[in-house]
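Note sheet for the following structure.
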Amino acid sequence: MAPPADDRRPRAPQEADYGRRGKGYVFGAFQPHDGQSFTATYHGRTIANWVDFLCRVDDWIPDEAERVIAILDNLNVHRATDVLLFSLAHPRWEFLFQPTYAPYLNLIEPWWKILRSLALNGRRFESWDEICVAVREATSYWNAHRHPFEWGKRQRKRAARRAGVAVVPVVA
């Protein structure tokens, strides 16, 4: 039997909060042979920001590296005239563009998933600046615990198969 309508307690009002508190972009570079990463945050995904990021990555990569291969998607800012000028001024750089609709070929894509889980999962941010700090801290944490990154290698362990109906027994 349902209680009378006048005996119900009023519900506490709760306002839904779907507002954005800032917008920005995280650019990243990754060295799969040792797992070292570099990230930088920007307010926009512009050609000027991309070229600035490339200059910062060039400073980050040791001078002993004779060749730098950047694997990029086909975003329009990656193919801009200023990027061509950057590549002419920095002859050790080579830009390789991955095929359209094939992000799985880029080694940084699984690393982005790791960075998102380190920096963003389970947290609420009030501003873009807080996200920038979280990304910086997550990148520092990753670099402190880095390891060589192998494409397609999963860290899962499979349980050993036991003999069953469909398994032919080994006879000595």
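Summary table
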item: Other-chain or far-sequence residues with amide H under 5 Å of Leu72's (modelled H); result: Leu96, Phe97, Gln98
item: Neighbour-count order for Thr81, Thr39, fewest beta carbons within 10 angstrom listed first; result: Thr81, Thr39
item: Local net charge near Ala40, Cβ-Cβ under 10 Å (Lys/Arg +1, Asp/Glu -1); result: +1
item: Ascending count of other beta-carbon atoms within 10 Å, so fewest first, for Cys132, Cys55; result: Cys55, Cys132
item: Ranked Val26, Val133, criterion: other C-beta atoms within 10 Å, fewest first; result: Val133, Val26
item: Kirkwood Rh in Å, taken over all unlike Cα pairs in the range 70-124; result: 13.2
item: Cα coordinate range in the range 25-144, projected on the principal axes (Å, largest first); result: 42, 29, 29
item: Loop sites in the range 34-76: trypsin sites (Lys or Arg not before Pro), DSSP, at most 15 other Cβ within 10 Å; result: Arg45, Arg67
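Values in this text are rule-based calculations from the coordinates and carry no lab data. Since the structure is predicted, the reported quantities are computational estimates derived from the model, not experimental observations. Virtual Cβ from ideal backbone geometry, glycine too; neighbours counted across all protein chains shown.
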